[in-house]
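Report on one structure; see the data block that follows.
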Amino acid sequence: MQSPLFAYNDQQSPERWSLQNKQMLRVALEGHDDILARKGTMVAYQGLVEFDAEFQSRGRARARARTGEGLDLMRCHGQGTVYFANLAQQIHVLDVEQEGLTVDSAYVLAMDSSLHHEVIAVDSLYGISGSGKYQLNITGRGRIALMTSGAPLLMRVTPETYVNCDADAIVAWSTGLRVQMQAQTHSSGVFRRRGNTGEGWELSFMGSGFALVQPSELLPPQNAAIGGGLAAQYGVGQQGARGQNQGNVWS
(Lines give C-alpha, C1' and ligand atoms only; values in the text may rest on other atoms or scores of the structure.)
Protein backbone atom coordinates (compact mmCIF):
# COMPACT_ATOMS: atom_id res chain seq x y z
CA MET A 1 0.00 0.00 0.00
CA GLN A 2 1.26 3.46 -0.90
CA SER A 3 -0.01 6.84 0.25
CA PRO A 4 1.31 10.28 1.28
CA LEU A 5 -0.05 9.35 4.74
CA PHE A 6 3.03 7.17 5.29
CA ALA A 7 5.12 10.33 5.50
CA TYR A 8 3.54 11.01 8.90
CA ASN A 9 5.48 8.33 10.79
CA ASP A 10 6.30 8.36 14.47
CA GLN A 11 9.00 11.01 15.00
CA GLN A 12 11.74 9.37 17.06
CA SER A 13 13.50 11.67 19.51
CA PRO A 14 16.01 11.24 22.35
CA GLU A 15 14.07 13.88 24.30
CA ARG A 16 11.47 12.81 26.83
CA TRP A 17 9.15 15.60 25.65
CA SER A 18 8.99 16.30 21.91
CA LEU A 19 6.51 17.29 19.23
CA GLN A 20 5.21 14.71 16.78
CA ASN A 21 3.98 17.73 14.83
CA LYS A 22 2.70 21.20 15.66
CA GLN A 23 -0.60 19.82 16.99
CA MET A 24 0.56 16.62 18.74
CA LEU A 25 2.77 16.11 21.79
CA ARG A 26 4.94 13.01 22.24
CA VAL A 27 6.06 12.02 25.77
CA ALA A 28 8.29 9.03 26.61
CA LEU A 29 7.51 7.43 30.00
CA GLU A 30 10.29 5.45 31.63
CA GLY A 31 8.64 3.98 34.72
CA HIS A 32 9.46 6.85 37.12
CA ASP A 33 8.55 10.57 36.77
CA ASP A 34 4.82 10.56 35.99
CA ILE A 35 3.19 13.29 33.94
CA LEU A 36 -0.13 15.04 34.46
CA ALA A 37 -2.26 15.70 31.38
CA ARG A 38 -5.62 17.31 30.69
CA LYS A 39 -8.32 14.68 30.93
CA GLY A 40 -9.28 13.10 27.62
CA THR A 41 -6.32 14.41 25.61
CA MET A 42 -4.54 11.09 25.04
CA VAL A 43 -4.93 10.19 21.36
CA ALA A 44 -2.58 7.16 21.18
CA TYR A 45 0.08 5.29 23.15
CA GLN A 46 2.54 2.42 22.90
CA GLY A 47 3.79 0.22 25.72
CA LEU A 48 2.50 -0.41 29.24
CA VAL A 49 0.93 2.88 30.29
CA GLU A 50 -1.83 3.51 32.83
CA PHE A 51 -4.10 6.53 33.18
CA ASP A 52 -5.65 7.48 36.52
CA ALA A 53 -7.76 10.45 37.56
CA GLU A 54 -5.64 12.89 39.55
CA PHE A 55 -6.74 13.51 43.14
CA GLN A 56 -7.93 17.06 43.79
CA SER A 57 -7.38 18.36 47.32
CA ARG A 58 -10.13 20.18 49.20
CA GLY A 59 -8.23 23.43 48.90
CA ARG A 60 -7.99 23.15 45.12
CA ALA A 61 -11.62 22.09 44.87
CA ARG A 62 -12.70 25.15 46.86
CA ALA A 63 -10.51 27.43 44.74
CA ARG A 64 -11.99 25.91 41.58
CA ALA A 65 -15.55 26.44 42.84
CA ARG A 66 -14.82 30.04 43.87
CA THR A 67 -12.86 31.20 40.83
CA GLY A 68 -13.73 28.85 37.97
CA GLU A 69 -9.98 28.38 37.42
CA GLY A 70 -8.37 24.97 37.76
CA LEU A 71 -7.28 21.83 35.97
CA ASP A 72 -9.04 18.52 35.33
CA LEU A 73 -6.02 16.22 35.17
CA MET A 74 -5.17 12.57 34.70
CA ARG A 75 -1.94 10.94 35.88
CA CYS A 76 -0.03 8.99 33.23
CA HIS A 77 2.55 6.44 34.40
CA GLY A 78 4.31 3.32 33.20
CA GLN A 79 6.71 2.57 30.37
CA GLY A 80 5.96 3.58 26.82
CA THR A 81 5.19 6.53 24.57
CA VAL A 82 2.04 8.63 24.86
CA TYR A 83 0.66 11.08 22.31
CA PHE A 84 -1.52 14.01 23.40
CA ALA A 85 -3.56 16.52 21.39
CA ASN A 86 -6.56 18.75 21.91
CA LEU A 87 -8.75 20.08 19.07
CA ALA A 88 -5.73 20.51 16.77
CA GLN A 89 -4.43 23.36 18.93
CA GLN A 90 -0.77 24.27 18.37
CA ILE A 91 1.45 22.91 21.14
CA HIS A 92 4.50 24.51 22.76
CA VAL A 93 6.82 22.90 25.33
CA LEU A 94 8.40 25.14 27.98
CA ASP A 95 10.92 24.50 30.76
CA VAL A 96 9.66 25.87 34.07
CA GLU A 97 12.50 26.87 36.34
CA GLN A 98 12.98 29.09 39.35
CA GLU A 99 11.16 32.12 37.93
CA GLY A 100 7.90 30.18 37.52
CA LEU A 101 5.08 30.53 35.01
CA THR A 102 1.61 32.03 35.27
CA VAL A 103 -0.91 30.59 32.82
CA ASP A 104 -4.60 30.42 31.98
CA SER A 105 -5.64 26.84 32.80
CA ALA A 106 -7.56 26.54 29.50
CA TYR A 107 -4.25 26.41 27.63
CA VAL A 108 -2.49 23.70 29.67
CA LEU A 109 -2.15 20.35 27.90
CA ALA A 110 0.30 18.44 30.11
CA MET A 111 3.06 18.94 32.68
CA ASP A 112 5.57 17.05 34.78
CA SER A 113 4.14 15.81 38.07
CA SER A 114 7.03 17.56 39.85
CA LEU A 115 5.40 20.93 39.11
CA HIS A 116 3.01 22.56 41.58
CA HIS A 117 0.02 24.69 40.58
CA GLU A 118 -2.22 27.04 42.56
CA VAL A 119 -4.89 29.64 41.72
CA ILE A 120 -3.97 33.32 42.03
CA ALA A 121 -5.89 36.55 41.36
CA VAL A 122 -4.92 39.46 39.12
CA ASP A 123 -6.61 42.57 40.48
CA SER A 124 -8.27 45.30 38.50
CA LEU A 125 -6.75 48.77 38.44
CA TYR A 126 -10.12 50.06 39.64
CA GLY A 127 -10.35 47.72 42.63
CA ILE A 128 -13.90 46.72 41.70
CA SER A 129 -15.04 43.40 43.12
CA GLY A 130 -15.55 40.76 40.43
CA SER A 131 -13.49 42.55 37.78
CA GLY A 132 -10.25 40.64 38.35
CA LYS A 133 -8.83 37.68 36.47
CA TYR A 134 -7.86 34.31 37.94
CA GLN A 135 -4.83 32.38 36.67
CA LEU A 136 -2.65 29.43 37.67
CA ASN A 137 0.83 29.83 39.12
CA ILE A 138 3.10 26.96 38.04
CA THR A 139 6.19 26.53 40.22
CA GLY A 140 8.99 24.01 40.64
CA ARG A 141 11.22 22.47 37.99
CA GLY A 142 9.91 20.55 35.03
CA ARG A 143 8.28 20.82 31.64
CA ILE A 144 4.84 21.99 30.64
CA ALA A 145 3.03 21.86 27.30
CA LEU A 146 0.78 24.80 26.43
CA MET A 147 -1.78 25.11 23.62
CA THR A 148 -2.58 28.11 21.45
CA SER A 149 -5.05 28.84 18.66
CA GLY A 150 -2.54 29.56 15.90
CA ALA A 151 1.10 30.62 16.11
CA PRO A 152 1.64 32.78 19.21
CA LEU A 153 3.61 35.96 19.81
CA LEU A 154 6.28 36.00 22.55
CA MET A 155 6.80 39.53 23.85
CA ARG A 156 9.84 40.38 25.94
CA VAL A 157 9.25 42.59 28.97
CA THR A 158 12.12 44.70 30.32
CA PRO A 159 12.38 47.43 32.96
CA GLU A 160 12.62 49.92 30.09
CA THR A 161 9.81 48.43 27.97
CA TYR A 162 6.62 47.14 29.50
CA VAL A 163 3.93 45.34 27.53
CA ASN A 164 0.14 45.52 27.38
CA CYS A 165 -1.93 42.52 26.20
CA ASP A 166 -5.62 41.91 25.64
CA ALA A 167 -6.96 40.02 28.66
CA ASP A 168 -8.75 37.56 26.36
CA ALA A 169 -5.66 36.78 24.22
CA ILE A 170 -2.98 36.35 26.89
CA VAL A 171 -1.91 32.73 27.42
CA ALA A 172 0.95 32.88 29.94
CA TRP A 173 3.67 35.08 31.40
CA SER A 174 6.71 34.99 33.70
CA THR A 175 5.51 34.81 37.30
CA GLY A 176 8.03 37.43 38.42
CA LEU A 177 6.40 40.20 36.35
CA ARG A 178 4.29 42.87 38.01
CA VAL A 179 0.81 42.67 36.51
CA GLN A 180 -2.13 45.06 36.61
CA MET A 181 -5.50 44.82 34.93
CA GLN A 182 -6.83 47.98 33.36
CA ALA A 183 -9.25 49.37 30.80
CA GLN A 184 -7.86 52.01 28.46
CA THR A 185 -10.78 54.40 28.62
CA HIS A 186 -11.20 58.04 29.51
CA SER A 187 -14.86 57.51 30.27
CA SER A 188 -16.08 57.23 33.85
CA GLY A 189 -18.15 54.24 32.77
CA VAL A 190 -15.57 51.48 33.23
CA PHE A 191 -18.37 48.91 32.94
CA ARG A 192 -18.48 49.54 29.19
CA ARG A 193 -16.00 48.58 26.52
CA ARG A 194 -14.27 51.64 25.16
CA GLY A 195 -16.22 53.41 22.48
CA ASN A 196 -16.97 51.30 19.44
CA THR A 197 -13.48 49.77 19.12
CA GLY A 198 -14.51 46.48 20.71
CA GLU A 199 -11.45 46.58 22.96
CA GLY A 200 -11.93 46.05 26.67
CA TRP A 201 -9.75 44.95 29.57
CA GLU A 202 -6.05 44.43 29.18
CA LEU A 203 -3.11 43.31 31.32
CA SER A 204 -0.09 45.55 31.79
CA PHE A 205 3.24 43.76 32.45
CA MET A 206 6.29 45.39 34.08
CA GLY A 207 9.67 43.98 35.12
CA SER A 208 11.82 41.37 33.37
CA GLY A 209 10.38 38.34 31.61
CA PHE A 210 8.00 37.47 28.79
CA ALA A 211 4.31 37.41 27.89
CA LEU A 212 2.84 34.84 25.49
CA VAL A 213 -0.12 35.97 23.35
CA GLN A 214 -2.21 33.91 20.92
CA PRO A 215 -3.87 35.26 17.73
CA SER A 216 -7.36 34.64 19.09
CA GLU A 217 -9.61 35.98 21.82
CA LEU A 218 -11.57 32.74 22.14
CA LEU A 219 -10.95 29.89 24.54
CA PRO A 220 -10.83 26.34 23.17
CA PRO A 221 -14.44 25.16 22.81
CA GLN A 222 -14.21 22.50 25.53
CA ASN A 223 -14.83 25.38 27.97
CA ALA A 224 -17.98 26.62 26.26
CA ALA A 225 -20.11 26.97 29.40
CA ILE A 226 -21.55 30.49 29.62
CA GLY A 227 -22.00 32.11 33.00
CA GLY A 228 -23.36 35.36 34.32
CA GLY A 229 -22.55 37.83 37.08
CA LEU A 230 -20.12 40.72 37.22
CA ALA A 231 -17.31 38.89 35.42
CA ALA A 232 -19.44 38.67 32.29
CA GLN A 233 -19.91 42.46 32.32
CA TYR A 234 -16.15 43.02 32.38
CA GLY A 235 -15.35 40.55 29.62
CA VAL A 236 -12.75 38.48 31.48
CA GLY A 237 -12.31 34.97 32.80
CA GLN A 238 -14.04 31.77 31.81
CA GLN A 239 -17.42 33.35 32.56
CA GLY A 240 -16.68 36.58 30.72
CA ALA A 241 -16.61 37.79 27.14
CA ARG A 242 -14.54 34.85 25.98
CA GLY A 243 -17.23 32.49 27.21
CA GLN A 244 -19.94 34.64 25.64
CA ASN A 245 -18.18 34.87 22.27
CA GLN A 246 -17.29 31.25 22.37
CA GLY A 247 -20.86 30.25 23.12
CA ASN A 248 -22.02 32.13 20.02
CA VAL A 249 -19.32 30.47 17.91
CA TRP A 250 -19.44 26.88 19.11
CA SER A 251 -23.05 26.33 20.17
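The values are calculated or read from the model by the stated rules, or taken from the named source; none is laboratory data. Because the structure is a prediction, the values reported are computed rather than measured. Reconstructed Cβ throughout: ideal geometry from the backbone, glycine too, with neighbour counts over all protein chains shown. Note: accessible area is taken over every heavy atom of the protein model, side chains too, but ligands, DNA and RNA are not part of it. Shrake-Rupley method; radii C 1.70, N 1.55, O 1.52, S 1.80 Å.
For this structure, a couple of remarks:
- Search result, residues across the stretch 38-55 that are open to solvent by 50 Å² or more (accessible area, probe 1.4 Å) and outside any loop (DSSP other than H, G, I, E, B): MET42, VAL43, TYR45, GLN46, GLY47, LEU48, GLU50, PHE51, ASP52, ALA53
- Some residue of the stretch 166-181 being under 15 Å from the mean Cα position of the chain (by Cα), at pLDDT below 90 and within 18 Å of ILE120 (Cα to Cα): yes
- Single residue of the stretch 120-161 satisfying the filter (modelled with pLDDT of 85 or more and of a type in the set (Ser, Thr, Tyr)) that is most open to solvent (accessible area, probe 1.4 Å): THR161
- Of all the residues in the stretch 9-29, those that are surrounded by 11 or more Cβ atoms within 10 Å (Cβ to Cβ) and outside any strand (DSSP E or B) number 7.
- Enumeration of residues in the stretch 164-175 that are in a strand (DSSP E or B), open to solvent by less than 10 Å² (accessible area, probe 1.4 Å) and of a type outside the set (S, T, N, Q): CYS165, ILE170, VAL171, ALA172, TRP173
- Among the residues of the stretch 82-119, the one identified as open to solvent by 10 Å² or more (accessible area, probe 1.4 Å), touching a Phe, Trp or Tyr at 6+ places or on another chain (Cβ under 7 Å) and modelled with pLDDT under 95 is VAL119.
- Any hit, the stretch 30-37, residues being part of a strand (DSSP E or B), in contact with a strand residue (DSSP E or B) (Cβ under 9 Å, 6 or more places away or on another chain) and open to solvent by 30 Å² or more (accessible area, probe 1.4 Å): yes
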